[in-house]
Amino acid sequence: MVIGLACLSGFFVYEKIVRIKQYTFFKNWNSICKNLFTMTIFENNIRTNSTCCSCNKSDMKLSLTTQQKTELKVSKRKDYLSWDEYFMAVAKLSSYRSKDPNTQVGACIVNSDKKIVGIGYNGFPWGCSDDLLPWNRISSTGNENDTKYPYVCHAEMNAILNRNTDLKNCTMYVLLFPCNDCAKLIIQAGITKIYYLSDKYANDKKFIASKRLLAMAGVELVPRR
Ligand SMILES: [Zn+2]
């Protein structure tokens, strides 16, 4: 019995620790993959009651009353992802596909039924080699065509082009505030709301122009932290 209680105590301590890790993850968007895997292991442990501590797992089962077992079964998770967290996490996951060594951006477009209708990340166009075109931000020759900028498709552009339905009144989740070129595409596609994580180029002329366009078109802008 003592062993059983110790095991049960260990189980709840373990649960608390993992839940704290999950909470940390959703406040810190830089470690998605690692913590998603942690979450999977956590759920397996709840279902199988395995490896919560070094005790024999059969002792743990004996220590739970029928009422405790019922409570464990019917308890709803309290720390599940909100819709906004979920779609921004999808955008973040998409950014891991980018080959850009400096900036990885992902975008996810969602319709009014909370269905994902387009995903994209920054990269070169189809058929244009990631190994032959330059990834430089600055050219040693002064020729802009020796940098990545004339060639890269931004995440927002790719998400819009990858759409599987009309984008009118849809919402975009994107890691970086859209530039003026992407703002034009967003407006023309009919997207009416943008959630963004970072606005680090806010003082750049392109992004000032972007905000001017988006404001005139009535696109709602929602910063996420
Ligand atoms: Zn852009």
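Since every read-out is calculated from the coordinates, none of them should be taken as a lab result. Keep in mind it's a predicted model, so treat the numbers as computed, not measured. Neighbour counts run over all protein chains shown; Cβ positions are idealised from the backbone, glycine included.
Highest mean packing comes first when the peptides 100-111, 173-184, 203-214 are listed by Cβ atoms within 10 Å, giving 173-184, 100-111, 203-214. Each part gets one Cα centre, and for segment 203-225 versus segment 82-124 those centres are 19 Å apart.
The simple Förster model, with R0 at 41 Å and r as the Cβ-Cβ distance, assigns residue 113 and residue 151 a FRET efficiency of 0.70.
Relative to the current alpha-carbon distance between residue 202 and residue 80, full extension at 0.36 nm per residue lengthens the span by 40.7 nm.
Net charge near residue 160, counting Lys/Arg +1 and Asp/Glu -1 over other residues with Cβ under 14 Å of its Cβ? Computed value for this residue: 0.
Cα gyration tensor of segment 109-225, axes a ≥ b ≥ c as square roots of the eigenvalues: rounded (a/c below 1.5), prolate (a/b > b/c) or oblate? The shape class here is oblate. Measuring between alpha carbons in the structure, the pairs from 168/205; 115/168; 114/211; 168/193 lying more than 18 angstrom apart are 168/205; 114/211.
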